[in-house]
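Here the structure is laid out as structure tokens; the discussion comes afterwards.
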Amino acid sequence: MIYPIVKYGDQVLERPAAVVTEFDNPDLDKFLEDMFESMYAAKGVGLAATQIGVSRRIAVIDISVGEDPSQKIELINPEVLHVEGKQKGEEGCLSIPGFREEVSRGKRVTIRAQNRKGEVFEQTGEDLLARAFQHEIDHLFGKLYISHIAALKRDLIRRKVRKLAKAGEWA
Ligand SMILES: [Zn+2]
């Protein structure tokens, strides 16, 4: 099932999501499959559950955008353990379509998360994967990438979004 993506302005995006406590069950399996399907349909490299209106700490990432199944990553209750270096680059978000801004992120990031069976694992990513880890984990704590940009730019995006919403073009 493909879920519609929740857009910036919806409060679910700015609330910390609830910790997942139940693993290894068909509901979770189905939900993860739906999240991948929804992410691919939207042509994203990452998707957090909050972006489909579900306030649970679950995110999926695939920086190959469906080209390489070995790059599918499922993160449940993830946290950033370690950040090294810095990278600057443009970032966007499926929940804030039509906008991109330069965001400074860690270059090499190690995360800890659980898989669908509840097993804890750690993974290190660099460059785009490091950026995706940070972006998606931020989502699960109610934080959007625009919180990392200058207030002036953020206000400009807010104003434009408000205008689009008024015109009925932001739903
Ligand atoms: Zn996002």
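Observations, loosely collected:
For every residue, the table says whether it meets (1) closer than 30 Å to Ala151 by Cβ; (2) at pLDDT below 95.
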{"position": "Gly66", "(1), (2)": "no, yes"}
{"position": "His82", "(1), (2)": "yes, no"}
{"position": "Glu102", "(1), (2)": "yes, no"}
{"position": "Lys117", "(1), (2)": "no, no"}
{"position": "Ala130", "(1), (2)": "yes, no"}
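Every residue, every condition in (1) surrounded by fewer than 19 Cβ atoms within 10 Å (Cβ to Cβ); (2) within 14 Å of the chain's Cα centre (by Cα); (3) in a strand (DSSP E or B), yes or no:
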{"residue": "Asn77", "(1), (2), (3)": "no, yes, yes"}
{"residue": "Gly98", "(1), (2), (3)": "yes, no, no"}
{"residue": "Glu102", "(1), (2), (3)": "yes, no, yes"}
{"residue": "Val109", "(1), (2), (3)": "no, no, yes"}
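- Contact map, segment 120-146: residues that are over 11 Å from Val80 (Cβ atoms) paired with residues that are within 11 Å of the ligand (Cβ to nearest atom) and of a type in the set (Asp, Glu), Cβ distance under 6 Å, separation 6+ or inter-chain. Pairs shown: Tyr145/Glu91.
- Unique match (being under 28 Å from Leu164 (Cβ atoms), in contact (Cβ under 8 Å) with a residue 24 or more places away in the chain, open to solvent by 30 Å² or more (accessible area, probe 1.4 Å) and part of a loop (DSSP other than H, G, I, E, B)) among Gly9, Gly66: Gly9
Yes/no matrix, rows are residues, columns are (1) farther than 13 Å from Ala132 by Cα; (2) among the aliphatic types (A, V, I, L, M):
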residue: Pro16; (1), (2): yes, no
residue: Asn25; (1), (2): yes, no
residue: Asp29; (1), (2): yes, no
residue: Phe36; (1), (2): yes, no
residue: Ala42; (1), (2): yes, yes
residue: Ser55; (1), (2): yes, no
residue: Ile58; (1), (2): yes, yes
residue: Glu74; (1), (2): no, no
residue: Val80; (1), (2): no, yes
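- Applying the condition of being open to solvent by less than 60 Å² (accessible area, probe 1.4 Å) and of a type in the set (A, V, I, L, M, F, W, C) to segment 81-96 and asking which residue is farthest from Lys30 (Cα to Cα) yields Ile96.
- Within segment 24-45, being under 28 Å from Glu67 (Cβ atoms) and in contact (Cβ under 8 Å) with a residue 60 or more places away in the chain holds for Leu28, Asp29, Leu32, Val45.
- Test: residue in segment 34-42 that is within 14 Å of the chain's Cα centre (by Cα), of a type in the set (A, V, I, L, M, F, W, C), closer than 15 Å to Cys93 by Cα and open to solvent by less than 70 Å² (accessible area, probe 1.4 Å): yes
- If the condition is being more than 15 Å from Pro16 (Cα to Cα), surrounded by fewer than 20 Cβ atoms within 10 Å (Cβ to Cβ) and either within 12 Å of the ligand (Cβ to nearest atom) or among the hydroxyl-bearing types (Ser, Thr, Tyr) (or both), then segment 119-147 contributes only Thr124.
The values are calculated or read from the model by the stated rules, or taken from the named source; none is laboratory data. If you're wondering where the values come from, they're calculated on a predicted model, not measured in any experiment. Ideal geometry is used to build each Cβ from the backbone, glycine not excepted, and the neighbour counts take in all protein chains shown. With ligands, DNA and RNA removed, areas are computed over all heavy atoms of the protein, side chains included. Shrake-Rupley method; radii C 1.70, N 1.55, O 1.52, S 1.80 Å.
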